[in-house]
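Below is one structure, written out as structure tokens, with a few remarks after it.
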Amino acid sequence: MELGEAQAMMRRIYYHKDSKRGPGKTWEWLMEEVRELGEAIEAGDERAIEAEFADVLAWLASLANVVGIDLERAFLSKYPGRCPKCGRTVCMCATG
Ligand SMILES: [Zn+2]
């Protein structure tokens, strides 16, 4: 499955609810899932980490649907197989 397909799947399943909730509340859900991912990593709970990564991607896709962003296009536009800062395929930036 490609990123665009994942976003389309989330649209099919949840857009009727996501669009009613709106961008602000959907963003809050995404932030909650990011927090839970951090907690799972902190706890070293492999199953929870996997589940929280899925939730973060799901809510990111929902938020993109609500605000009308094509995630795959946006991602590839900024990250076309190389670092957007140094332009190399293996990042040679001094920091990060
Ligand atoms: Zn770089």
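The values are calculated or read from the model by the stated rules, or taken from the named source; none is laboratory data. None of the values given here were measured: they were computed from a predicted structure. Don't worry about glycine lacking a Cβ; one is built from the backbone with ideal geometry, like all the others, and counts go over all protein chains shown. Side chains are part of the model used for accessible areas, which takes the heavy atoms of the whole protein and leaves out ligands, DNA and RNA. Shrake-Rupley method; radii C 1.70, N 1.55, O 1.52, S 1.80 Å.
Can you give the extra length, in nm with one decimal, that the chain gains between residue 48 and residue 92 once fully stretched, where that is 0.36 nm per residue apart less the Cα-Cα distance? Mind dumping the intermediate values first?
Working: separation 44, 0.36 × 44 = 15.84 nm, distance 3.29 nm.
Result: 12.6 nm gained on full extension.
When the Kirkwood hydrodynamic radius is evaluated over all pairs of different C-alpha atoms of the chain, what value in angstrom, to one decimal, is obtained? Walk me through the numbers before you get to the answer.
Working: mean 1/r = 0.0672 Å⁻¹.
It is 14.9 Å.
Using a 1.4 Å probe, what is the accessible area per residue for the chain, in Å²?
Working: 7090 Å² over 96 residues.
Result: 74 Å² per residue.
Enumerate the calculated ³J(HN,Hα) couplings along region 22-33 in order (Karplus 6.51 cos²θ - 1.76 cosθ + 1.60, θ = phi - 60°), each rounded to whole Hz, writing x wherever the residue is Gly or Pro.
x, x, x, 5, 5, 4, 4, 4, 4, 4, 4, 5
To the nearest 20 Debye, how big is the dipole of region 1-93 about its Cα centre, given +1 on the beta carbon of each Lys and Arg and -1 on that of each Asp and Glu? Before the final figure, lay out the partial values.
Working: 13 positive and 16 negative charges, 139 e Å.
Dipole magnitude for region 1-93 comes out near 660 debye.
Percent of accessible area on region 1-58 owned by carbon and sulfur, 1.4 Å probe?
Working: 2440 of 4240 Å².
Answer for region 1-58 is 58 percent, counting heavy atoms of protein chains only.
Once the other residues with Cβ under 15 Å from the Cβ of residue 95 are scored (Lys, Arg +1; Asp, Glu -1), what is the net sum?
That sum, taken over residues with Cβ under 15 Å, equals +2.
Taking the mean number of other Cβ atoms within 10 Å as a proxy for protection, how do you rank 72-78, 42-48 from highest to lowest?
Values: 72-78: 12.1, 42-48: 10.4.
Most protected by this proxy first, the peptides run 72-78, 42-48.
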